[in-house]
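Have a look at the structure below before the remarks.
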Amino acid sequence: MYEIWLMLNIVYELALSIWPWLLALAALWLLLMGRAWGRRGADWRASLPGAIVLGLLVAIVIFAVTPVWNRSALGEMKYWVDWANLLGIAAAWGVAGVAFGWPLLTGLRRSGKVG
């Protein structure tokens with residue numbers, strides 16, 4: 001249990017160190033959502049599968065690349081907390097990919113640029 005608490009504290013401290021970037025990303029996401037929502041006849045349901053595929057691709061890439069970014073390798077991960085961290089990081093990036101991709105694809109689909 002201590003490892004999980006330590007991991008959550010580390011994530012919190014990292015978020016505090018980059019809060020302006022997180023605030024900018026939140027503003028960008030709200031802008032994308034507002035723009036897509038404001039479009040007449042936006043087809044959210046049709047854009048969801050593409051956004052999910054985008055999120056899965058982002059998660060897979062992040063899963064493979066994160067150990068390299070940390071100057072490590074998958075073979076170095078011996079403890080379950082390491083795997084939980086890596087899966088959590090990949091899942092978070094995947095969710096962000098869906099969150100940003102869905103309104104973006106919805107806006108593109110509505111304007112006739114996609115499908």
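The values are calculated or read from the model by the stated rules, or taken from the named source; none is laboratory data. Just so it is clear, the structure is predicted and the values come from calculations on it, not from any experiment. Every residue, glycine among them, receives a Cβ derived from its backbone with ideal geometry; neighbour counts consider all protein chains shown. All accessible areas refer to the heavy atoms of the entire protein, side chains included, with ligands and DNA or RNA removed. Shrake-Rupley method; radii C 1.70, N 1.55, O 1.52, S 1.80 Å.
Of the trypsin sites (Lys or Arg not before Pro) found in region 3-44, those in coil by DSSP whose Cβ has at most 16 other Cβ atoms within 10 Å are 39, 40. Mind running the shape call on the chain? Use the C-alpha gyration tensor, a ≥ b ≥ c as the square roots of the eigenvalues: rounded below 1.5 for a/c, prolate if a/b tops b/c, oblate otherwise. It is prolate, given that a/c is not under 1.5 and a/b is the larger ratio. Considering only protein heavy atoms and a 1.4 Å probe, what is the carbon-and-sulfur percentage of the accessible area of the chain? Its accessible area is 73 percent carbon and sulfur atoms. Evaluated with a Cβ-only charge set (Lys, Arg +1; Asp, Glu -1), the chain carries a dipole of roughly 800 debye about its Cα centre, given to the nearest 20. If you take the Cα centroid of region 5-40 and the Cα centroid of region 41-97, the two points sit 17 Å apart. Simple spin-label estimate for residue 72 and residue 25 gives 1.9 nm between the two label positions (7 Å along the Cα-to-Cβ direction from each Cα).
Solvent exposure of the chain amounts to 74 Å² per residue of accessible area, where only protein heavy atoms count and the probe is 1.4 Å. Over the chain, dividing the summed -39,500 (n - 2.57) contributions of all DSSP H runs of at least 4 residues by the number of residues returns a 222 nm mean residue ellipticity of -28500 deg cm²/dmol.
Among the trypsin sites (Lys or Arg not before Pro) in region 43-81, those located in a DSSP loop and surrounded by at most 10 other Cβ atoms within 10 Å of their own Cβ are 71, 78.
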